[in-house]
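A.B. asks: Below you'll find the structure I mean.
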Amino acid sequence: MKILVINCGSSSLKYQLIDSDTEAVLAKGLCERIGIDGSNIAHQPAGGEKVKEMADMPDHTAAVKLVIEKLTDPKVGVIGSLSEIDAVGHRVVHGGESFSGSVLVDEEVIKGIEACSDLAPLHNPANLIGIRSCQAIMPGVPMAVVFDTAFHQTMPEKAYLYGLPYEYYQKYKIRRYGFHGTSHDFVSKRAAEILGKDRKDLRIIVCHLGNGASVSAVAYGKSVDTSMGLTPLEGLIMGTRSGDMDPAIVSFLAQKEGLDAAQVIDICNKKSGVLGLSGGASSDFRDLVDAAKDGNALAKNALEAYAYRVGKYIGAYTAAMNGVDVIAFTAGVGENNAEVRVLIGQYIGYLGTNIDPEKNKLRGEEVILSDEGAKVVTMVVPTNEELAIARETVRLLNQ
Ligand code: ADP
């Protein structure tokens, strides 16, 4: 089957057309600046050159139309017509407590996603627009939604409740949800597969270290804790997000700088993390490693603080699971940045990880970093959220 995977943001749309039989990516691309001046599309057929062009996209429906045009284009297309797309899989960020797994789209599901928009005001409405646009252009084509939060719905109450008056959980569903669930699920499954073991027999800590970053504790096949919370701001220090901090900072900073709470949270989301810590040097870890090598002390400190926080979470999740068998690194930084992995390695050696420095230099591929016989197997497992969404879509269709 040919599955179109859509990841719709407020002004962007990422897509991949995946052949679910071979799991090959037939084409992929990105529409940017939808609804803004200068909208453009970058489209790449498998084995072909990437083509980038400016194109008028006043809304997401126009973007989906353009994606279909590219996919069926005689030159850069990979299918003859729209009818070759068997199903669409959508990434949706927040499923709240209503969705503990992927589902096929119907009106009830759409209402359910709408109801969670309060919890992800930037993401869910954009995801819904993507679904609506596809429905308009591909009527009758089955669609599935895969939630970032769903995998973490197995967290026990003790992990997901905040130390706040219980009535706020009851009234507003304020609790920890966690994100990157599709990736944590995919990577923990794949890690077990690589080791020739059943995930149900392992305690796995997955470190999804990208621009956004989170750690999860996957005990015997289920997520039992994860570092992101009500929103993706909690947890690790990230590219531009602060991660954990004393909530009293919000009112303190608001008062000092003459801001309101929303403005301070905006700073915590967009100007903090390693970008903020490095004095604005960069949010990109490649730049930071280079800057640190060139003697930029703030960039070096930012990397140290970042790695230290990851190390602390690994320690915490080892405690949460009463031990750990596997630590898996994934996403842009986790897969590719050996220097950052070395820094994190300083805080996990006591577990018996025995990381081989030579193997740790590899990037972007599945590799077991630990020496044979290590007590805790440390590995790199590249994530593939699009493939996971395509697989889920096929699974739901075959049910
Ligand atoms: P997002 O959360 O936006 O999906 P990614 O998972 O792509 O982010 O991670 C982005 C980070 O990954 C950047 O800081 C970048 O430095 C790092 N990264 C991505 N690819 C590479 C690479 N090939 N080598 C080194 N670092 C990389």
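A.B. asks: Under 23 Å Cα to Cα from Lys189, which lysines show up? Leave out anything in the same chain fewer than 8 places away.
C.D. replies: Straight-line reach from Lys189, under 23 Å: Lys197, Lys200, Lys222, Lys359, Lys375.
A.B. asks: Can you compute the FRET efficiency between Asn322 and Asp106 using 1/(1 + (r/R0)^6), with r the Cβ-Cβ distance and R0 = 45 Å? Round to the nearest 0.05.
C.D. replies: After rounding, the FRET efficiency stands at 0.65.
A.B. asks: Given the range 254-327 reduced to its alpha-carbon atoms as identical point scatterers, what log10 I(q)/I(0) does the Debye formula return at q = 0.22, 0.25, 0.26 Å⁻¹?
C.D. replies: -0.90, -0.97, -1.01
A.B. asks: I need to check one value: relative contact order of the range 1-48, counting alpha carbon pairs closer than 8 Å and at least 6 residues apart, in percent.
C.D. replies: 28
A.B. asks: Also, quick follow-up: Could you order His43, His123, His180 by accessible surface area, starting with the largest, using a probe radius of 1.4 Å?
C.D. replies: My answer, sorted largest first, is His123, His180, His43.
A.B. asks: Also, quick follow-up: Rounded to whole Å and sorted largest first, list the principal axis extents of the Cα atoms in the range 69-114.
C.D. replies: The principal-axis extents, from largest down, are 45, 17, 17 Å.
A.B. asks: Calculate one ³J(HN,Hα) per residue across the range 294-306 by plugging θ = phi - 60° into the Karplus curve 6.51 cos²θ - 1.76 cosθ + 1.60, and present them in order as whole Hz with x for glycine and proline.
C.D. replies: 7, x, 6, 5, 5, 5, 5, 4, 4, 5, 5, 5, 4
A.B. asks: Just the number, please: Stokes-Einstein D of the range 31-143 in µm²/s, Kirkwood Rh from C-alpha pairs, 4 °C, 1.567 mPa s.
C.D. replies: Stokes-Einstein gives a translational diffusion coefficient of 84 µm²/s.
A.B. asks: So, with +1 on the Cβ of K and R and -1 on the Cβ of D and E, and no other charges, what is the size of the charge dipole of the chain about its Cα centre, to the nearest 20 debye?
C.D. replies: It comes to approximately 520 debye.
A.B. asks: Moving on. Starting at the first residue of the range 344-360, write each ³J(HN,Hα) from the Karplus equation 6.51 cos²θ - 1.76 cosθ + 1.60 with θ = phi - 60°, in whole Hz, x for Gly and Pro.
C.D. replies: 5, x, 4, 9, 10, x, 4, 6, x, 7, 6, 6, 7, x, 5, 5, 5
A.B. asks: Take the eigenvalues of the Cα gyration tensor for the chain, scale each by 5, and report the square roots as semi-axes in whole Å, largest first.
C.D. replies: Listed largest to smallest, the semi-axes of the chain are 33, 25, 23 Å.
A.B. asks: For the range 19-94, what does the convex hull of the Cα positions come to per residue, in cubic angstrom?
C.D. replies: Roughly 112 Å³ of hull volume per residue.
A.B. asks: Write down the percent of antiparallel bridges among all DSSP beta bridges whose residues are both part of the chain, to the nearest 5.
C.D. replies: 70
A.B. asks: Taking 8 Å as the Cα distance limit and 6 or more residues as the minimum spacing, I'd like the relative contact order of the range 165-324 as a percentage. Walk me through the intermediate numbers first.
C.D. replies: Values: 245 pairs, mean separation 30.7, N = 160.
After rounding, I find 19 percent.
A.B. asks: Here's another thing I want to ask about it. Can you list residues from other chains, or at least 5 along the same chain, whose modelled amide H is less than 5 Å from the amide H of Ser370?
C.D. replies: Distant-sequence amide H within range of Ser370: Asp356, Thr378.
A.B. asks: Compute the length gained on full extension between Tyr162 and Asp244: take 0.36 nm times their separation in residues and subtract their Cα-Cα distance, giving the result in nm to one decimal.
C.D. replies: 28.2 nm
A.B. asks: For the chain, what relative contact order do you get, as a whole percent, if you take Cα pairs closer than 8 Å and at least 6 residues apart?
C.D. replies: After rounding, I find 13 percent.
A.B. asks: Right, next: Compute the distance from the alpha-carbon center of the range 367-384 to that of the range 293-348, in whole Å.
C.D. replies: 14
A.B. asks: Take the alpha carbon atoms of the range 212-280, find their center, do the same for the range 23-64, and report the distance between the two centers in whole angstrom.
C.D. replies: 31
A.B. asks: Beyond 25 Å between alpha-carbons counts as too far, so tell me which of Lys2/Lys65; Lys158/Lys300; Lys271/Lys312 fall in that bin.
C.D. replies: Numbers: Lys2/Lys65 17 Å; Lys158/Lys300 36 Å; Lys271/Lys312 23 Å.
Distance filter (> 25 Å) returns Lys158/Lys300.
A.B. asks: Given the DSSP H assignment, sum -39500 (n - 2.57) over each helix run of at least 4 residues in the chain and divide by its residue total; what's the result at 222 nm in deg cm²/dmol, nearest 500?
C.D. replies: Estimated from H runs of four or more residues: -11000 deg cm²/dmol.
A.B. asks: Under the rule of at least 5 residues apart or a separate chain, name every residue whose amide H is placed under 5 Å from the amide H of Asp225.
C.D. replies: For Asp225, the qualifying residues are Ala217.
A.B. asks: Could you compute the net charge surrounding His184? Neighbours are other residues with a C-beta less than 13 Å from the C-beta of His184; K and R count +1, D and E count -1. Numbers along the way, then the final one.
C.D. replies: Working: positive: Lys189, Arg190, Arg199, Lys222; negative: Asp148, Asp185, Asp225, Glu385.
Charge balance in the 13 Å sphere: 0.
A.B. asks: What Rg and what Dmax come out for the range 114-238 when only alpha-carbon atoms are used, in angstroms?
C.D. replies: Reported Rg and Dmax, both Å: 16.4, 46.
The values are calculated or read from the model by the stated rules, or taken from the named source; none is laboratory data. Please read all numbers here as calculations on a predicted model, not as lab measurements. Backbone-built Cβ (ideal geometry, glycine too); neighbour counts: all protein chains shown. To get the accessible areas, we keep the full protein, side chains included, count just its heavy atoms, and leave off ligands, DNA and RNA. Shrake-Rupley method; radii C 1.70, N 1.55, O 1.52, S 1.80 Å.
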